[in-house]
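The values are calculated or read from the model by the stated rules, or taken from the named source; none is laboratory data. On a predicted model such as this, the values are computed, not experimentally measured, just so you know. As a convention, Cβ positions derive from the backbone with ideal geometry for all residues, glycine included, and neighbour counts pool all protein chains shown.
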Amino acid sequence: MNQPTLVTYATRSGSTADIAEAIARTLAECGELTEVRPMAEVKDLSPYRAVVAGSAIQGQKWLPEAMQFMKTHQKALSHKPFAAFLVCITLSMKGGGSYREGVSAWMAPVRALVHPVSEGLFAGTLDFGNMPFSLNALLMRLPVLFRIWQEGDHRDWVAVHAWAEHIRPLLIK
């Protein structure tokens, strides 16, 4: 029987979960058996043939629970095809493409544990009504006031779909 590919994520406001669901849908449309689960619910990677893991970015880092997932499952991930993605509002800024190299550097702690076959970098959403109250959420209002960021949904579904199609053959190894 075919083992599924796990698409797992850590999120704060749900944007990363939606991207994970879209990645899984695209892989399924390409014929892959997939399962989508929050990282906090994943205890064992043995049922999965491959893993796609993603995290929202907070303070230029993957979320703490995402890094804990990577550390906990480092050995298992190093023996499976593994792709990683991140979701951050920085990529929604005017000229966001020019920030891709810097944003890519935020994946370094993940790479230090397990080298992904591919990395996806995606803009997310900025919806203060959907964010848990925190100092970080308050501080994020400043760039909005100065029009550096705009509230709203900045996800590029075409780019998410294209990346998922791109990683499919890399995950079949």
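Rundown of residues vs (1) modelled with pLDDT under 75; (2) out of contact with any Lys or Arg (no Cβ under 8 Å at 6 or more places or on another chain); (3) within 25 Å of residue 69 (Cα to Cα), yes/no style:
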| position | (1), (2), (3) |
| --- | --- |
| 122 | no, no, yes |
| 133 | yes, yes, yes |
| 141 | yes, yes, no |
| 160 | no, yes, yes |
| 163 | no, yes, yes |
| 170 | no, yes, yes |
| 173 | yes, yes, yes |
Log entry, pairs with first residue in the stretch 154-173 being loosely packed, with under 14 Cβ neighbours inside 10 Å, second being in a loop (DSSP other than H, G, I, E, B), beta carbons closer than 6 Å, six or more apart or on different chains, reads 173/81
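Given the criteria within 16 Å of the chain's Cα centre (by Cα), in a helix (DSSP H, G or I) and surrounded by fewer than 17 Cβ atoms within 10 Å (Cβ to Cβ), does residue 100 qualify? Walk me through how you get there before you give the answer.
On the way: within 16 Å of the chain's Cα centre (by Cα): yes; in a helix (DSSP H, G or I): yes; surrounded by fewer than 17 Cβ atoms within 10 Å (Cβ to Cβ): yes.
Yes.
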Within the stretch 53-86, restricting attention to residues that are in contact (Cβ under 8 Å) with a residue 24 or more places away in the chain and hydroxyl-bearing (Ser, Thr, Tyr), which residue is surrounded by the most Cβ atoms within 10 Å (Cβ to Cβ)?
55
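Go through the stretch 14-30 and report how many residues are of a type in the set (A, V, I, L, M) and within 11 Å of residue 54 (Cα to Cα). Explain how you work it out, then say what you get.
Residues of the stretch 14-30 that are of a type in the set (A, V, I, L, M), as a first pass: 17, 19-20, 22-24, 27-28.
From what's left, within 11 Å of residue 54 (Cα to Cα): 17, 19-20, 23.
Residues flagged as of a type in the set (A, V, I, L, M) and within 11 Å of residue 54 (Cα to Cα) within the stretch 14-30 amount to 4.
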Going residue by residue through the stretch 7-14, is there one that turns out to be within 13 Å of the chain's Cα centre (by Cα) and at positive phi?
yes
